[in-house]
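Please treat every number below as a calculation from the coordinates, not as lab data. Computed from a predicted model, the values in this text were never measured in an experiment. Reconstructed Cβ throughout: ideal geometry from the backbone, glycine too, with neighbour counts over all protein chains shown.
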Amino acid sequence: MEEKKQTGDPKEMSFWDHLDDLRSTLFRIAIGIFVCMVLVFANKTFVFDTVIFGPSDSNFILYRAMCWLGDKLSLSGLCIEPFQARFQNIDVTGQFFTHISTSFWLGFVLSFPWIIYQLWLFVRPALYDNERSVATKAFWFSSTLFYLGVFVGYVLVFPMAFKFMVIYVTSPRVENIITLASYIEVLVILVLGMGVVFQMPVLILLLSRAGIVNKAFLRKYRRYAIVIILILVAIVTPTPDPFTMLIASVPLLLLYEFSIYICKK
């Protein structure tokens with residue numbers, strides 16, 4: 001990597017210098033995640049009863065909003081019948097390690113701006129002033145979109161997927177007994193998955209700045225992008241429910257149109 005001063009004069013750095021900087025960056029990132037992880041771990045009751053298990057109760061905000069909308073539109077089918085899912089743990093150490101893993105993932109989510117900031121400090125010396133302006137916007141734009149994706153995944157996509165999977169049965173003889181591990185696994189995949197795929201505008205913005213794509217290109221291949229988005233959603237959402245896929249696809253399709261808007265001509 002070549003380090004550049006603000007005047008544009010290059011200053012050579014050795015491989016070991018860069019390696020040392022990278023090690024320091026990763027160490028600070030790990031410390032940030034660990035601090036947030038400890039905070040989450042220490043608030044077990046709130047984290048699990050309110051946040052993690054929130055979508056498994058009919059009092060969740062999305063279900064109440066659907067009932068409100070159903071009343072306003074006289075569509076009783078939108079209102080979900082009262083329910084409260086219960087979970088089963090089948091491993092001796094299952095609950096303890098689930099507590100640790102959940103604390104890690106929530107710690108990662110909470111520390112995401114810190115991670116972005118540390119990565120920015122690492123690459124900043126290698127950029128000129130005009131490059132730094134664009135990179136700064138891209139880094140913080142990425143952080144904002146990540147949280148927006150996490151919000152959509154948690155409030156909209158996961159609750160609909162979970163409710164569908166809970167009520168879906170192949171036969172009345174088969175009872176759905178949900179394990180704690182499977183619930184957490186699907187929650188993490190959907191919520192973090194949406195946070196990742198919401199980075200699409202950042203990627204397109206960077207490709208646009210590099211001269212690889214432009215508005216005309218994105219408009220020309222819109223139909224192919226729609227197919228790719230649907231395939232991506234099918235991978236991210238581990239449910240066969242087309243309604244859930246539709247809910248997850250709409251925000252991404254809107255993001256693609258937004259990407260066209262912010263793209264260079």
Extension gain (nm, one decimal) between Phe217 and Arg28, 0.36 nm per residue minus Cα-Cα: 64.1 nm
Shape call, segment 43-110: gyration tensor on alpha carbons, a/c limit 1.5: prolate
Residues whose placed amide H lies under 5 Å from that of Thr179, excluding near-sequence neighbours: Gln88
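Using the Kyte-Doolittle scale, which helices in the chain average at least 1.6 and also have C-alpha atoms spread 27 Å or more along the helix axis, with helices defined as whole DSSP H runs?
242-262
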Of Gly195, Gly54, Gly153, the one that fluctuates the most in a GNM where the chain has Cα springs shorter than 10 Å: Gly54
Debye, to nearest 20: dipole size of the chain, +1 on Lys, Arg Cβ, -1 on Asp, Glu Cβ: 940 debye
Anisotropy class of the chain from Cα gyration tensor, a/c 1.5 cut: oblate
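Where in segment 59-126 are there chymotrypsin sites (Phe, Trp or Tyr not before Pro) that are in a DSSP coil and have at most 16 other Cβ atoms within 10 angstrom of their Cβ?
When the chymotrypsin sites (Phe, Trp or Tyr not before Pro) of segment 59-126 are filtered for loop state and at most 16 Cβ neighbours within 10 Å, Phe83 remain.
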Shape of segment 115-265, Cα gyration tensor, a/c cut at 1.5: oblate
Dipole axis of segment 81-207 (+1 Lys, Arg; -1 Asp, Glu on Cβ), positive-most option in Ile100, Leu207, Leu148: Leu207
Choice from Gly193, Gly77, Gly149 with maximal GNM fluctuation in the chain (Cα, 10 Å cutoff): Gly77
The chain: most fluctuating residue of Phe198, Phe146, Phe217 per GNM, C-alpha cutoff 10 Å: Phe217
